[in-house]
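Since the structure comes first, as structure tokens, the remarks are kept for the end.
The values are calculated or read from the model by the stated rules, or taken from the named source; none is laboratory data. Values in this document were obtained by computation on a predicted structure and should not be read as measured data. Glycine gets a Cβ as well: all are built from the backbone with ideal geometry, and neighbour counts include every protein chain shown. Surface areas here come from the heavy atoms of the whole protein model, side chains and all, with no ligands, DNA or RNA. Shrake-Rupley method; radii C 1.70, N 1.55, O 1.52, S 1.80 Å.
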Amino acid sequence: VMIVGSGAFAVENVRTCVEFEAQKVYMVCRRKTISMPRLTSWLINQSYDSLSAKLTLESMEPMYNLIGVDQWSYYAVSANESRTSVTIKQKSRFGIGDVYFLGMACGFCEHIVDDTKRVSGKTIHLFSGRRLENVSHILKLLGFNGEFENDRLLKIKDLYGWWANKDFRRYIVAEPIYVDANNFGSTSFSPGAIMWAEQQVYMLKYPQEWATVMDSGMLPTHEAEEEFSRPAYVVEARHGALTAITLASMVRGLAERGAVWGPLKRQRQREIHPPEKILECAKREWDEWKKTLNDLGYENTPEYPYNKENLGVYCAAEVAEATRKFGPLPP
């Protein structure tokens, strides 16, 4: 199987290929994007507020060591020499899944920076001159396009924050695309969904607050980009982050609610997926994938690289980061 792409859906489909017992996966892309181990995703989603990009990358180290790759070397990473200021910016969301790393470690999956020149039968001819033989399936996984009908329905000329044409009654949110941040508060939809829903409910209840937000002109705006097949309502990650930060700085009620969302996220995550449970589950599934790959003839499958000790180190580092931001934290 050849997977064209390197983003979230491409990485997740490595698992699908293992499930359906493909013999080999070639992931071909123009440049590699950062993929995320499952435990890093959990660490972000249980954080009091957010995880720094620095700690995010550090927590990926056990998994990237398995495949012999330095996660700090990706084009998406920008950092100063001491790595005290770190940003991750890439044109794809994180692919989250341990099977990608397991497949890479044992040779089942090969991640190739190249592009397809032509196809002849079951042979893929790459621009580098390399040929991929016996490829019977090609999965083209290059993201999605928004639906322009949503722009037409709301008559959007430009999106101001999340509001069409600065009308507080016309509100639309699509989960922002790409990655562009110094801190990461969630890799799942629900924490953002709570915030987005409460923002609009608040404006509908207190429309006088909207006048200040509208007159300030401080929210980011976005117009449709037809040349890229991107409607106005589909915005990048930076647009979403700036909208949230600006609203919290201008609207006291939303700032107060923001102080609730982080602790609530942590409480729910740790109640449903406590550290020992997520570690046990992740290791069990890793061992199940190992058996599948062993049955396919791949014998050099490593052990799961996370344990109570290194997960405990990352959890303690996250608490230390939050304490530096907010002072002593509740138990």
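Overview of results
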| item | result |
| --- | --- |
| Largest-first principal axis extents, alpha carbons of segment 203-331, Å | 63, 49, 25 |
| Reach of LYS325 by Cα under 15 Å, taken over aspartates and glutamates that are not fewer than 8 positions away in the same chain | ASP49 |
| By accessible area with a 1.4 Å probe, ligands and nucleic acids excluded, highest first: order of GLU21, GLU318 | GLU21, GLU318 |
| Global geometry of segment 3-45, whether rounded, prolate or oblate, following the gyration tensor of its Cα atoms and the 1.5 cut on a/c | oblate |
| 0 to 90° range, to nearest 10: angle between helix 189-205 axis and the chain longest Cα axis | 10 |
| Under 19 Å from LYS308, Cα to Cα: aspartates and glutamates that are on another chain or at least 8 residues apart | GLU58, GLU61, ASP98, GLU271, GLU276, GLU280, GLU285, ASP287, GLU318 |
| Probe 1.4 Å, protein heavy atoms only - accessible area per residue of segment 65-161 in square angstrom | 57 |
| With 5 Å bins from 0: P(r) over segment 134-232, alpha-carbon pairs, percent | 2, 10, 18, 19, 19, 15, 7, 3, 3, 2, 1, 1, 0 |
| Apportionment of accessible area to carbon and sulfur, segment 47-110, percent (1.4 Å) | 43 |
| Gap separating the Cα centres of segment 137-170 and segment 1-40, nearest whole Å | 27 |
| Rounded tilt (10° steps) of 308-326 against the dominant C-alpha axis of the chain | 20 |
| Calculated SAXS-style log₁₀ I(q)/I(0) at q = 0.11 Å⁻¹ - the chain, Debye, Cα scatterers | -0.82 |
| Relative contact order of segment 235-331, pairs being alpha-carbon contacts under 8 Å that are 6 or more residues apart, as % | 14 |
| The chain: angle of helix 237-250 to the longest principal axis, Cα-based, in degrees nearest 10 | 30 |
| Cα-based Lys proximity count in segment 46-164, under 29 Å, for pairs eight or more positions apart or on separate chains | 11 |
| Alpha-carbon centroids, segment 53-104 and segment 224-239: separation in whole Å | 26 |
| Among 84-96, 129-141, 29-41, the order from most to least packed when residues are scored by Cβ within 10 Å on average | 29-41, 84-96, 129-141 |
| Taking the chain and dividing mean pair separation by its residue count, relative contact order in percent (alpha carbons under 8 Å, at least six apart) | 24 |
| Charge dipole (segment 111-189, unit charges on Cβ, about Cα centre) - positive-most of PHE127, VAL113, TYR171 | PHE127 |
| Cβ charges +1 (Lys, Arg) and -1 (Asp, Glu), total dipole of the chain, debye | 320 |
| Burial ranking of peptide ranges 219-229, 167-177 (average Cβ count within 10 Å, highest at the top) | 167-177, 219-229 |
| Net charge over other residues, Cβ less than 12 angstrom from the Cβ of ILE34 (K, R count +1; D, E count -1) | +4 |
